[in-house]
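These notes are about the structure you will find just below.
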Amino acid sequence: MRLDRFEIETFGALENFRGENLAGYPVLVLLGDNEAGKSTFLEFLATMLYGFAPADRAAHPYAPWSGAPLSGRAGFTLADGSSVAVTRRLRHTPEGALSVTGIASGDAVAQDNDAGNATAACSAERSIGNRPLDCVGPVTRAHFDSFHALRLSGLAGLDEAAWKAVEERLLGGCHLPALNTAREATAGLDARAAELWRSTPRGNTRHRRLSVNLRRLQRERAGAAVRQRRQLLLRELLAGKAWHIAGTQEQLQEMRSRLQRAERLLPVLRGLQEIEVLRKQSAQRLAVDDLPENSATHLTTLRATVKEQRATEARLDGDIANHERRATLSLQDTSILGVEQEIRALVGEAAVHNQDLVHINDLDRARDAQEALFAERAAQVFSVRLDGSQRETLSRLGMAELAARVKLWEDARRLPELAQDEVRQAKEAVHVCELDFEAIPNIDAEKKLRAREVLLRELQGREDVLNALKKDIEASKAPNAKKDKPKGAGRRLLAPIGLFAAAGALLASLLTGGSTSWAMLGPVAAALVVAGVVVLRRKPVAVALMPDEARAKAQGDECTKLRTQLGLHEFETVESQLGPSQQALAHVAARPELERRLVSARQRVEDCVKRVSVKIAERDKAHASVTQHLQVLPIAPSRLEQPGQDLFNDIEELRGVLREMTRLLGEREAVARRAREREARGGRLAESLEMSLPGNAMDSATLWLDRLQTALSAKRRAEESSKALPGLRENFREATERRALSEQELGLFEKRLSQLDFEGKSPEAGLRWLEQARTWLKDADAMERALHEQFPDWKERGDEARTALAAGETLDLSTEQRVALVRNIEQTAAGLATLCEEQAALQVERAQLSAQRSLCDVDGALAALAEQLQTLARRHDRLALLAAVVREADLRYRELYQPPVLKAASAHLSAITGERWERVEVERTAEAGAPRLFVKRADLSQPVEAGQPLSRGLREQLQFALRLALADQMDGAQPLPLVLDDVLVNWDASRSQQGVAMLKALGARRQVVVLTCHAGLAEALASRAGAHVLKLPAPAAVTGNPSARTEAKTPAKPARKPQPNAS
Amino acid sequence: MSTASNPAPLAAPQAAPQSAPANAFRFVHCADVHLDSPFLCANDDVRARLHDAGRAAFRRLVELCLTERVHALLVAGDLFSDERLTFATEDFVLEQFTRLSAAGIHVVVACGNHDTGSSEGRAARMAWPTSRFTLISGHEPQEVTITAADGSTVGRVIGCGHAEANDTENIAALFPAASGNVPTVGLLHARVAEAVGMQRHPAVAPCTLADLAATGYRYWALGHVHTRQSFEAAGPLACYSGTLIGHRPEETGAHGALLVTVPRSGAVTTEFRALAGVRWETLQVPGLASIADLSAMRASIREAFYRSAAADASVHADCDAPADRGAPADTGAHVAAMRWMLRVELSGSCPAAGELQRDDLLEELAEQLTAELEPDGVLSVELIEAGVHRPVELDSHRGQPHVFGLSLAVLDALAVDDELLASLAPATLAGCDGTDAAAKRAYLRSLLTGIDSAAGEVLLKETLA
C-alpha cells in the first residue's frame, strides 16, 4: 500500500496541504521546520488509515482551534494496482467515506466492499464511519504506532530501566503499547496470589490469618463439645438426683408418722406404768413408818458425836507425845550452838569476800582490754605476734638511744632531695647560658651586620643633611634670605671640628676592640669622618655656586641609592633598622662573659652531683643505725623503711600498754590471796562440825547462819514443852469417859435401820431404803399430778394406749429405738438436703453451661470461616493458574515470532552499520521472563548486551532495525507505509549514508515517508534514494497579540491531552 | 406443585381449603428442621438472631397445625442435629409437641440421619409426650393410625427411621403395600434419585420414585433433600418439604412446611406455607458492566434487593402465614417482619473492578449496605468477588499475534487439553490436594470460568483497554 495523494483541509496546524502522484516514489520526504506539522502529518496519515482516535472532536488533540472540523482525504495505491480513496471528517461524530478504483481482485478490496462481490472495476463511494481501512490487514493501530510510525522519542533517550522495558515490549511478547509485559503481569499475579496463600510458612498471608482464627474456633469447638457432653451427663445426673430425692422424701414421711404416734401415746402409757410400780415398791419396804422424819440426820448426828469425841481423845494423846519429844535437844543443834561465835564472824566477812571476787573479775577484764589493745597496736609495728621474751625485750628497749637515732635519721633523710634540687637548678642555669651562647651571630653574620650598620649610619647622615638642605631652601625662599650666609659659613667652620671629633672617636673605638661602649661610636665616627672629608674637600666657590636645590637633589639621589643597597623602603626609618643590628652586635661583645658563665654553671652542676651522693650515704647510715637498734625486735619491714618519729611513738605506746598490764596483774594477785585465806578458814570450821557444804565455805555463809538460828529455836521450844505436859494428861482422862456413852446410843439406832435392809442388814442401806420407800410414794403422787397437767386427757390416752397394746401395736419404743429413729430421720433429712443442694448445684452448672457458646454457634462460625478459606484458596489457585497461562503464552510468542524477527533485524542492523554489527540475539537468563537483547560485533567473538555502555546512536539503530523487522512480521498482504519522524538525526555521516541506501532498498518493498527538518537529509534522500520532497508550510509568525502568538507557535500541539503514541 | 425434574417454584400458595372433605386426612408435612444446626454466618450476633429465627419458625409450624386443626404433624427426619442439640432446645421441642398432643394432634417423627434413633441418640432419651406422639426410630416400617377427634380413623402413616447416620440401605423397599380404604401416607427420610439437588446430600436410604410408587400410598412425606420439590409422575404424590428455615446461603427462597389434604378419594392437595422468618438470597447486580464506582454499585445492590423483596411480598400476598408466637396470622406483618441474609456475587465485566477486587473496600461496602438496609430487615450483606473484571474486549484480541492473543488460545486449549492443564497446573494448590488427578482436573477447570477476562485485565493496559 502506497500513499498516492492526500489533501489536508484542516488537521491541526495544517490547512489546505496536499500532494499528488506520490506512489511512484520509493521515499517521500516531508521537509519542514520545527512546528511546521510533521507529526501532524503522521497523525493525519494514521487517521486516514484507522480513523479518528479519539472519535470526539472536543477531545481530539489535533482539533483546529478555529472550530473547523478535522477533515482530509487520501488515496492509496494497493499492491494489485487498484486505488483506494478515503475521506474522513470529524465534526461532531466521525464520518468516513471510501471509494475503490481499478481492478479489485485483492482481498482488501473485496473486504472493503459490503456486498463482498465487487470484482469489477468501479468507483463507488460508501460510508465507513470511523472504522479502519480493511486493507491495513492485521496491523492494528497499536501495531502501526509501534512498528510503522517511528519517532525519535521512541528510540532515543532511554535510560537503563526504559531500555529494558523496550526490550521486553519488543522481544518479550508484549510489544504493543496497549499491553503490559508478561513479566509485569505474572509478577502482579504472583504477588496477588502470595498475599492470599503460600505453600511455605513464610509471610503473613490472608489465608494464614484466617487459619489462625480457624484454629482458635476449632479449639473453641472442642470446648463446646466438652460442655455439650457435660450437659448430657448433667441431664442423667439430675434425673438420678430427682429419683433419689423423691424416694428419700417418702421414707422420711413414714418415719416421722411413726415417731409422732409413739410420742403422743407413749408418755401417758409410761407414766401410768411408772406410778403403779412406785407405789408397789414402797409398800413392800415400809409397811409402817415409825421412824423419825429426819432419820438420816439423826444417825449422822450420833455418828458425828462419837467421831468427835474419839478425835479429841486422840489429839490429846498426840499433844502429850509431841511435848515430850520437843523437850529434848538434838546433838547437831548442841554442836552448832557450841561454835556460835565463829559462825557469826565468818558470816560477817562474807560481804567483803564477794566484793573481792567482783574486783578480781574487773581486773581480769581490764587486763584483757589492754591485751587486745597491745595486740592491735603491735600488729601495726611488728611482723609477728610477740611472745613473752620479746615483750620483755620491748620493755627493756633503750628508748632514749632509739629517740636519738631516729632524730638523726629524720635529719638526714631529706638531704638527698635538697641536693637533687640544687642539681636541677644548676642544669637549668647551664641551659640558659647555652641558649644565650647560641644567639651570638657567627663571624660572617657579624661582618655583614657591621657593614650594614656603616651604611645605615651613612644613610642617616645623608638624610640629616638632606633635611637640613630642605630647610635651607625653604628659608631662602623667605624674605630674609640674607641670613643664609652666616649659616653657610658656620657650617663650613663646624666641618673640620666634626672631622677631628669623629677621627678621635674612631680611633678610640679601634683601641678598645669594639667590646665597650666606644664600639658604638665606631661606625658613627667613621660616618662623620667621611662626611667631614667630603665637606672639607668642597671648594667654597663651588659650594657658593651650587644651588641648594641641586645639592638636595644630589643628596636625595645618594639616599635613594643607599636605601636601595640596604633594601629599605621609603617608609622605613634608619632608627628602626639600627636597633636590631646594634642588639646583635652587643651579643657579640658579650661572648667572653657568656663563656665564663657557662663554665661556672657546669662546674656547679658537678659539685651538686657529688653532694647528692654524700647526702645519700649519710641518710643510709642513719637508717642502718635505727635498724640495728631495733633488730632485737621483729619490726615490720615496711615500718623500717621509714623509721621515723611515728615508729618511735608506736613503740613507746606499746611499752606503756605493757606497763599497765603488769600493774593489773599484781593487784589481782593480792586480792585473790585474801579471798583464798577466808575460804580456807570456813573450810576448817565445816570440817570441825562434820558438815558437807554445796560450794566453798564463803559461798555457804548464809547457810551457816540459818543453821545457827534453827538450833536456837529448838532450844526455846524444849523449854516451853516441859512446862505444858501435866495439864494435857488430865484432859485426856475426861474425854475417854464421854466417848463410851455416845457409842452405846448409836448402836441401838443402827440396829433398827438395819432391819429395813432385807439383804445386807446394813444401817446405811436401811436408811437408803427408808428414804427410797418414802421417795417412791412422793414420786408416784408427783407423777400423777404432772401427767394430769401435761396431758389433761391422760386417762383417755391411757385407755387408747392400752387398747393399742392389746391390739399388738408397738408403741413402747425403747429409748434406743427412739433415738435411732430420730437419728434416722435427721440423717434422712440431712441426706435429702444434701441431695437438694447437689441438684441445685447441678442445675446451676447446667445453666452456666447453657449460657456459654453452644456447639451449634461455634460450628456456624467455623463453617463460615471454612467457606472463606475455600473461597480464598480458589482465588489464589485461579491467580496462580492465570500466571502459568500468561507465562506459557509468552513462551509461545517467543517461539513463534522471535527467530524471523531477529534474523531480519540482524540484516537491517548490518546494513545500517556497514556490517560492523552483524547479529542480534536474545538470550534467556536464569530469571524466567526476563530475556536480554545482545548484539554481536563482527570483530568480537562474544555478543554484547544491548544496553549501557553502547552508544545512544547504536541503540537507536538497533531499535530501528528491530522495528523494521517487526513491521515486516506484522504486515499483511498490503505492506503499510513506513513513517520515520526524524529518526536519523543521531546517526553519523557514514551510517546516514548507509541508512539512506537502506531506505532506498526498503522503498522498493514499501513506501517510506521521512519527516525531517534537515534540508541536507532531504537532499541526500532526493539525490541518492530518488525521494520526492514535499515542503511543509512554514509555521505561523509570532504577532504582538499574545493569543495569536500562542496559536501561531503551537497550532498543532495537544491542547487537552498528549498524543496517543507520543512515547 | 411442580414436576419431578424441577424444584417447586415459590408460586403463590393455594388458599386453604374452605371445606375439606369431612373424612379427609389433613396433616402438615415438614422435614429437615435441623434445630440447633449451625447457620453459615461469620457474624456472631447475626448467628444468634438466626438461631432465634429457627425456633420461631418451629413455633409457627406448631401454630399452623393448631390453626388448621390438622390431624397430624409428620416430621420426615432431621428434626434436630443430634450432637448439637441443646437442652434448652430439647425442652422447647417437647413443650411445643406437648401443645399439639394436648390439642389432639398426633405427632409422628421419623428419625433421620442427623437425629438417629439409636439407643445412644438423643431422640431415644428424650421425654417425648406420652400420648399422641410416635417416634419411629428403626428400620422396621411402623404403622400409626391417625384418628379424628371423634375417634374415627382418618388415615394411616407408615414410616421408617434411621438407627445409624450412614444408612445406605434402600428402606423404601421395605414398606408394606397399602391396604384398605383409609388413606395411607409414607414417611421417609431418604435420597430419591430423581430429586433435584440430591447430589449435595449423602446417599442415605437411596431409592427411586419407582420404589415409592410400588407401595400404592396416597402420599409420600419425604425428607433429607433440602430443596422443596414434588414428584407426581405416574404415581403417588411424593414431596420434599424442604428445610423449615435456610441454614446456608445456597438455601435461598422461602422455606416452611406443606399443608397436605388426602381425601378418601380424589387428588391429594398440598399447600406450601412459608414459615421461616429469615430468607437467604443471592442477588445478581443488574447492569454491572455500567457501574463505574462503588456508590453506583451500592445503589444497584439496594435496587436489586428491593426488587427481590417486592417479588417476595407479591409471592406472599395471599399467603396465610402463621404469625410469630401464636399471634393471629397476618401475611403483611410476616412479610414486613421478614429478615434477609443477602449474598451478592459479583462476576463479570465492571468498570469499578479495581475497587471491587480490593477486599477492604468490599468489606466496607458490605458494612455500609448492611447498615443502610437494616431498617428493611436485612441482617447481613455479604459481597463475594467471584471474578469481576474491568471491561475487556476479548474477541478483537483472539488470534492476534501477541501474548494476550496467545493467552486466550492457551485458555481455550485448557478446556479440552488435559496434558496442557497438567503441565500448567501450579505445583501446589491451596484448594485441592491433588491426589486425585480427575478431581484436580475438575477443580482446575472450575477455575477457568471467566479467567479469559481476568487475563485481559492483567495483560491489557487500563488506559488503552
Q | Checking B:Phe404 against (1) in contact with a His (Cβ under 8 Å, 6 or more places away or on another chain); (2) more than 18 Å from A:Ala193 (Cα to Cα); (3) away from chain A (no Cβ under 12 Å), the condition it does not meet | A | (3)
**Q.** Tally, over segment A:947-990, of residues that are farther than 12 Å from A:Leu1017 by Cα and assigned to a helix (DSSP H, G or I)
**A.** 20
Q) Which of the residues spanning segment A:216-226 are facing another protein chain (nearest Cβ under 10 Å) and surrounded by fewer than 17 Cβ atoms within 10 Å (Cβ to Cβ)? A) A:Ala225
Q.
If I go through segment B:150-176 residue by residue, how many of them are within 20 Å of B:Pro263 (Cβ to Cβ) and aliphatic (A, V, I, L, M)?
A. 3
Q. Restricting attention to segment B:327-361, and to residues there that are closer than 22 Å to B:Gly54 by Cβ and assigned to a helix (DSSP H, G or I), which single residue is modelled with the highest pLDDT?
A. B:Ala336
Q: With respect to A:Ala714, determine if the residue is at pLDDT below 80 and either surrounded by 13 or more Cβ atoms within 10 Å (Cβ to Cβ) or among the small types (Gly, Ala, Ser) (or both).
A: no
Q.
Where the second residue is buried (at least 22 other Cβ atoms within 10 Å of the Cβ) and of a type in the set (Gly, Ala, Ser) and the first is more than 7 Å from every other protein chain (Cβ to nearest Cβ) and farther than 27 Å from A:Gln969 by Cα and lies in segment A:878-896, which pairs have Cβ atoms under 6 Å and are six or more apart or on separate chains?
A. A:Leu879/A:Ala193
(Q) Among the residues of segment A:838-858, what is the count of those that are at pLDDT 90 or above and surrounded by 20 or more Cβ atoms within 10 Å (Cβ to Cβ)? (A) 1
Q: Would you be able to say whether some residue in segment A:815-837 is away from chain B (no Cβ under 14 Å), surrounded by fewer than 15 Cβ atoms within 10 Å (Cβ to Cβ) and outside any helix (DSSP H, G or I)?
A: no
Q: Check whether at least one residue in segment A:639-662 is at pLDDT 90 or above and polar (S, T, N, Q), and report yes or no.
A: yes
**Q.** So A:His629, is it touching a Gly at 6+ places or on another chain (Cβ under 9 Å) and buried (at least 17 other Cβ atoms within 10 Å of the Cβ)
**A.** yes
**Q.** Positions within segment A:862-877 being within 7 Å of another protein chain (Cβ to nearest Cβ) and either more than 47 Å from the chain's Cα centre (by Cα) or crowded, with 24+ Cβ neighbours inside 10 Å (or both), in sequence order
**A.** A:His876, A:Asp877
Q: Return a yes/no flag: does segment B:63-73 have any residue that is in a helix (DSSP H, G or I), under 24 Å from B:Gly121 (Cα atoms) and at pLDDT below 95.
A: no
Q. Which of the residues that make up segment A:963-993 are closer than 21 Å to A:Leu3 by Cα and β-branched (Val, Ile, Thr)?
A. A:Val979, A:Val983
Q.
Being touching a residue at least 24 places away in the same chain (Cβ under 8 Å), closer than 20 Å to B:Asn181 by Cα and of a type outside the set (A, V, I, L, M) narrows it down to one residue among B:Tyr219, B:Tyr240; which is it?
A. B:Tyr219
Q: Scan the strands (runs of 3 or more DSSP E) fully inside segment B:140-243 and keep the ones with 2 or more residues being hydroxyl-bearing (Ser, Thr, Tyr).
A: B:142-147
**Q.** Search result, residues across segment A:234-258 that are in contact with a Leu (Cβ under 7 Å, 6 or more places away or on another chain) and under 28 Å from A:Ser850 (Cβ atoms)
**A.** A:Leu234, A:Leu237, A:Leu238, A:Lys241, A:His244, A:Ile245, A:Thr248, A:Gln249
**Q.** Condition met for A:Phe52 (assigned to a loop (DSSP other than H, G, I, E, B), modelled with pLDDT of 90 or more and touching a Leu at 6+ places or on another chain (Cβ under 8 Å))
**A.** yes
**Q.** Output for segment B:362-380, where each listed residue is in contact (Cβ under 8 Å) with a residue 12 or more places away in the chain, among the hydrophobic types (A, V, I, L, M, F, W, C) and away from every other protein chain (no Cβ under 14 Å)
**A.** B:Leu365, B:Leu369, B:Leu373, B:Val378
Q) Do you know which residues across segment A:632-647 are part of a helix (DSSP H, G or I) and crowded, with 19+ Cβ neighbours inside 10 Å? A) A:Leu647
Q) How many residues does segment B:362-390 hold that are touching a Gly at 6+ places or on another chain (Cβ under 9 Å) and not in a strand (DSSP E or B)? A) 1
Q: Output the number of residues of segment A:935-958 satisfying the condition of being of a type outside the set (D, E, K, R) and modelled with pLDDT under 80.
A: 8
Q) Do you know which of the residues in segment A:194-215 that are loosely packed, with under 12 Cβ neighbours inside 10 Å and part of a helix (DSSP H, G or I) is nearest to the other protein chains (Cβ to nearest Cβ)? A) A:Arg209
Q.
Taking the condition of being of a type in the set (D, E, K, R) and either part of a loop (DSSP other than H, G, I, E, B) or loosely packed, with under 15 Cβ neighbours inside 10 Å (or both), how many residues in segment B:251-296 meet it?
A. 3
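The values are calculated or read from the model by the stated rules, or taken from the named source; none is laboratory data. Note that the structure is a prediction, hence the values are computed from the model and not measured. With ideal geometry, Cβ positions are generated from the backbone for all residues, glycine too; neighbour counts draw on all protein chains shown.
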